[in-house]
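Notes follow the structure.
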Amino acid sequence: MIHKEFQHLLAIREAAIEGARAHYRSSGLAEAAVPVLVGITGACENVSTLYRVAGSAPVHLTQTGQLALEHALCVSKGVYCITPSFRTDKIDERHLHEFTLIEEEISFDHPLIARSEDEYDSSLLFEALLGRITQSVKAVVRSCVEHAPDAVASLGGRIDDLGEMLSQDFYRLTYTESVDLLNSADDGHVPWGSDLGSVQERDLLELVAREHGGPLRPTFVTHYPEGIKFFNMKVDDTNEDVVQSADLLLPLAGEAVGSAVREHRYDRLLKRLTSSTMFEHIVEQRLATLEDFVPYLEVVESGASGPHAGYGIGLERVLQFLIGSTDIREASVAYKLSAMMGFTDALASAQSGSRAPGF
């Protein structure tokens, strides 16, 4: 039975990856092989959960291909990658040490970004970004439903419900609206400016569905506070307290996609970086200096990457949603293989992060 379930999971993951690649190829995007061994700037998400490779050099296992893709935009206006991501989070029903990220970065002047004129409009790019995420997530789900329906159903996925989801728009509300909605509940108390945890994400999905009078559905939460997001997310033109960012929450899985319009103006980017909590701590702990960020800053200063936006899809959280599981470990081929090979005890004690906050 265990091997049969693993066989089903392999089939679902293969269909998901093929669906993603077919979608990006049809969109005219180039696949980039991003590095897995990176310096501190390759963290890009949370330096407190970086795996450092043994040795004297400050080399780490990557958490995201984002900055590498932003460099690749210098030669291609639309790029993507499918890469492993490594974090020293405690392994539990929501977190893994190793998972797969599907990432895209796209320039404002790519043909996929429909616009009436060439003048840059960050709000137009933001709307296009949400459209790209919706199309990509649906492409992954659709491929699994079409090419591995028996495997999805065998692991608990509801094919009819997934098919209905593919025909519907995703729900959408701002971070501020989310906090207000959560605080309207009987026991709600979420301070504005705090991040949303797994319990708040679950409650929010239920409250939104109740408001719409329908089933639980993927839901975008947009325009998070500037202070809790990564330094290169663009501050909104109409409200400098928030950034042009969006997370996509999936039923059961929670946050499965993180995204943002990137800050392409050098002076503002440099100021955001040097004033960030992340930068303060990595300098204090002598993990890096401003010099380590120079290659990235030079690309932005040159204008070679241009105005752009991007996102990362956590594949295992999408698969968790697909099969209707409350435990992400049930959706991870890598975790199940580690368990078969007797590695899970060693992985559970592998907490080698720098203990610096991510932002």
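Listed by chain and number, the aspartates and glutamates whose alpha-carbon sits under 18 Å from that of LYS90, ignoring those within fewer than 8 places in the same chain, are GLU45, GLU98, GLU255, GLU316, ASP327, GLU330, ASP345. Taking 0.36 nm per residue of sequence separation and removing the Cα-Cα distance, the GLU280/ASP92 pair yields an extension gain of 64.7 nm.
Applying 1/(1 + (r/R0)^6) with r as the Cβ-Cβ distance of VAL53 and ARG268 and R0 = 35 angstrom yields a FRET efficiency of 0.60.
Projected onto their three principal axes, the Cα atoms of the range 58-202 cover extents of 48, 46, 42 Å, largest first.
Summarising the label geometry, the points placed 7 Å from Cα in the beta-carbon direction at LYS4 and THR326 lie 2.4 nm from one another. Screening the chain for DSSP H helices whose Cα atoms reach 30 Å or more along their own axis and whose mean Kyte hydropathy is at least 0.0 gives 122-147. Projecting the alpha carbon convex hull of the range 170-216 along each direction and taking the average yields 3.2 nm².
Can you tell me the FRET efficiency between GLU164 and LEU347 if r is taken as the Cβ-Cβ distance and R0 is 56 Å, rounded to the nearest 0.05? Intermediate results must be reported in sequence, preceding the final value.
Numbers: r = 37 Å, r/R0 = 0.67.
With R0 = 56 Å, the Cβ-Cβ based efficiency is 0.90.
Take the alpha-carbon centre of the range 184-202, take the same for the range 14-38, and report the distance between them in whole Å. That distance is 34 Å.
Peptides 221-231, 251-261 ranked from most to least packed, by the mean per-residue count of other Cβ atoms within 10 Å: 251-261, 221-231.
If you place +1 on the Cβ of every Lys and Arg and -1 on the Cβ of every Asp and Glu, how big does the dipole about the Cα centre of the range 37-178 come out, in debye to the nearest 20?
On the way: 11 positive and 22 negative charges, 107 e Å.
That gives the range 37-178 a dipole magnitude of about 520 debye.
Given Cβ point charges of +1 (Lys, Arg) and -1 (Asp, Glu) and nothing else, what value in debye, to the nearest 20, does the dipole of the chain about its Cα centre take? Walk me through the numbers on the way to the answer.
Details: 30 positive and 53 negative charges, 194 e Å.
Roughly 940 debye, rounded to the nearest 20.
The mean sequence separation of alpha-carbon pairs under 8 Å and at least six residues apart, normalised by the residue count of the range 208-266, gives a relative contact order of 31 percent.
Among the listed options (i) 55, 51, 47; (ii) 58, 44, 40; (iii) 61, 39, 36, the one matching Cα extents along the principal axes in Å as calculated from these coordinates is (i). Remark: relative contact order (the chain) = 24 percent; criterion is Cα-Cα distance under 8 angstrom and separation of 6 or more residues. Within the same chain, lysines fewer than 8 places from LYS229 are excluded, and of the rest, those with a Cα less than 16 Å from its Cα are LYS271.
Going from the fewest other Cβ atoms within 10 Å to the most, the residues SER123, SER76 appear in the order SER123, SER76. Dipole magnitude for the range 29-95: about 120 debye, using +1 per Lys or Arg Cβ and -1 per Asp or Glu Cβ, origin at the Cα centre. With contacts taken as Cα pairs under 8 Å at a separation of at least 6 residues, the range 231-327 carries a relative contact order of 34 percent. If you take the Cα centroid of the range 107-128 and the Cα centroid of the range 214-292, the two points sit 20 Å apart.
The distance from the alpha carbon centre of the range 52-97 to that of the range 301-321 is 12 Å, rounded to a whole number.
Each reported figure results from applying straightforward, stated rules to the coordinates on display, with no laboratory input. Note that the structure is a prediction, hence the values are computed from the model and not measured. Here Cβ is always computed from backbone atoms with ideal geometry, including for glycine, and neighbour counts include all displayed protein chains.
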